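One structure below.
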Amino acid sequence: MSSGIDADIALDAAVVLSLGMTRLLGHGAGLAGRGAEALAELAAGRAEARAAALAEVRTHERALREAVERDARIAALAGTRAKLGAEVPLPDRLDPAGRSAAELTAWCAATDPVLDEAERRLSEHLAAQVGTQIFGVPAEGLAAGVADGAPRAGDVREHLERIVARLLPDAEEAERRDVAEAARLLAGAATPADAEAVLQEVRLRIQEANRRTRERRDEERRRAAERDAAEQAEAERRYVLDSITTAFEDMGYEVQAGFETLTAEDGTVTLTKGAWPDHSVRMRVDDAAHVRASMVRERPAESEDDRRVDVEREREWCEAFEAARDRLAGEGIRSEVAWRLEPGVRELPVSAEARQTRGRAGQRERSRERHK
């Protein structure tokens, strides 16, 4: 072992999946039941039982994500329904807590066709609104001249509404206005060819509006995925930090600067012991994947006896770190030491706080000497 350590961390799949499940369920940090069982099987060395538990966690996590996606779609369609003032039924949103994977999967399968039908009816409602806006006021080109070959208003309106029904219901207000403005040109259509030209322009504008709407949907999904990844990374880091804190506290160390406030700090914490008046360990956890630690002195070494004590403290810390690694492995946190510095190889550095205090004291002493 060493007093200077650089280690890579890898979380067990059961931890990663279980943390994802607890996030999606809206709970705090911690493991879902089957994830904890999978870790227990891992610690006990029961590979077959662990594989079965882990497979169940994966299935449940996947079903949970599917249910959350449907829930978000229900919320989005409810917002569209409110904007359009439409009377379109929607399924109730689901609280996935306590639901089995089979229940979640069955709910998703039953909900999908209902949501598809709701989206279709919202599009039809939007198309009817556009038709009403255009044909609600008599239009000269459509109300007169039928005998002279002008298009019939009823036929044109029906055709228009079929086309406008293709407009996605969550298109932006500006895009709906753009489609409606093109459709209003039907009022001046004197011949079927004129009407068809206007309808073609409506089709093109709907295609463009739908393209932009799908791009917005994709962008929203991308942002949601980024938020999900960031939240997952934070949950994983929090799990690692909480586990490390508990492991070292149980071995008699004090964790200063608090892992709990690490998000507001630079990622560095200090481990101390009551029997270590002159020594501490500085540890830095980057994300949930990397740990660096080294022992430092709180004051400069002044004798060979100080340096002998340094080596003793370094060996004590090394043994504690190995014990912590074994304990953390049982909690699904594996670590691989990438770099180490053996005890006694180099003189321990002095902590930055001690150097600053010593520097300020030296400055005060020199100032007093100048004023004598």
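Name the residue that is least open to solvent (accessible area, probe 1.4 Å), counting only residues in the stretch 77-91 that are without any contact (Cβ under 8 Å) to a residue 24 or more places away in the chain and outside any helix (DSSP H, G or I).
Selected residue: G85.
Matching residues to (1) more than 30 Å from A338 (Cα to Cα); (2) at pLDDT below 85:
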{"residue": "S18", "(1), (2)": "no, yes"}
{"residue": "L24", "(1), (2)": "yes, yes"}
{"residue": "G79", "(1), (2)": "yes, no"}
{"residue": "P96", "(1), (2)": "yes, no"}
{"residue": "E103", "(1), (2)": "yes, no"}
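Yes or no: A235 over 19 Å from the mean Cα position of the chain (by Cα), in contact (Cβ under 8 Å) with a residue 40 or more places away in the chain and surrounded by 16 or more Cβ atoms within 10 Å (Cβ to Cβ)?
Details: over 19 Å from the mean Cα position of the chain (by Cα): no; in contact (Cβ under 8 Å) with a residue 40 or more places away in the chain: yes; surrounded by 16 or more Cβ atoms within 10 Å (Cβ to Cβ): yes.
In short, no.
Quick check on Q200: is it touching a residue at least 12 places away in the same chain (Cβ under 8 Å), over 17 Å from E124 (Cβ atoms) and polar (S, T, N, Q)?
Numbers: touching a residue at least 12 places away in the same chain (Cβ under 8 Å): no; over 17 Å from E124 (Cβ atoms): yes; polar (S, T, N, Q): yes.
Here the answer is no, as Q200 does not meet what is asked.
Could you check, for the stretch 68-76, whether at least one of its residues is open to solvent by less than 20 Å² (accessible area, probe 1.4 Å), under 30 Å from D326 (Cα atoms) and of a type in the set (V, I, T)? Steps first, answer last, please.
Filtering the stretch 68-76 down to residues open to solvent by less than 20 Å² (accessible area, probe 1.4 Å) leaves 74.
Next, only the ones that are under 30 Å from D326 (Cα atoms) stay: none.
No, every residue in the stretch 68-76 fails to be open to solvent by less than 20 Å² (accessible area, probe 1.4 Å), under 30 Å from D326 (Cα atoms) and of a type in the set (V, I, T).
Restricted to the stretch 286-322, and to residues that are without any contact (Cβ under 8 Å) to a residue 60 or more places away in the chain and among the hydrophobic types (A, V, I, L, M, F, W, C), which residue is nearest to V16 (Cα to Cα)?
The qualifying residue nearest to V16 (Cα to Cα) is V296.
Which one is modelled with the lowest pLDDT among residues in the stretch 135-190 that are open to solvent by less than 50 Å² (accessible area, probe 1.4 Å) and of a type in the set (V, I, T)?
V156
Count, please, the residues in the stretch 323-343 that happen to be at positive phi and without any contact (Cβ under 8 Å) to a residue 40 or more places away in the chain. Let's see the steps before the verdict.
First pass over the stretch 323-343, keeping only residues at positive phi: 332.
When the remaining residues are screened for being without any contact (Cβ under 8 Å) to a residue 40 or more places away in the chain, the result is none.
Total meeting the criteria: 0.
Can you give me the number of residues within the stretch 92-114 that are open to solvent by 30 Å² or more (accessible area, probe 1.4 Å) and either farther than 20 Å from G26 by Cβ or assigned to a helix (DSSP H, G or I) (or both)?
10
The values are calculated or read from the model by the stated rules, or taken from the named source; none is laboratory data. Just so it is clear, the model here is predicted, and its values are computed rather than measured. Please note: Cβ atoms are built from the backbone with ideal geometry, for glycine as well, and neighbour counts cover all protein chains shown. For the accessible areas, the whole protein counts, side chains as well, though only heavy atoms, and no ligand, DNA or RNA atoms are used. Shrake-Rupley method; radii C 1.70, N 1.55, O 1.52, S 1.80 Å.
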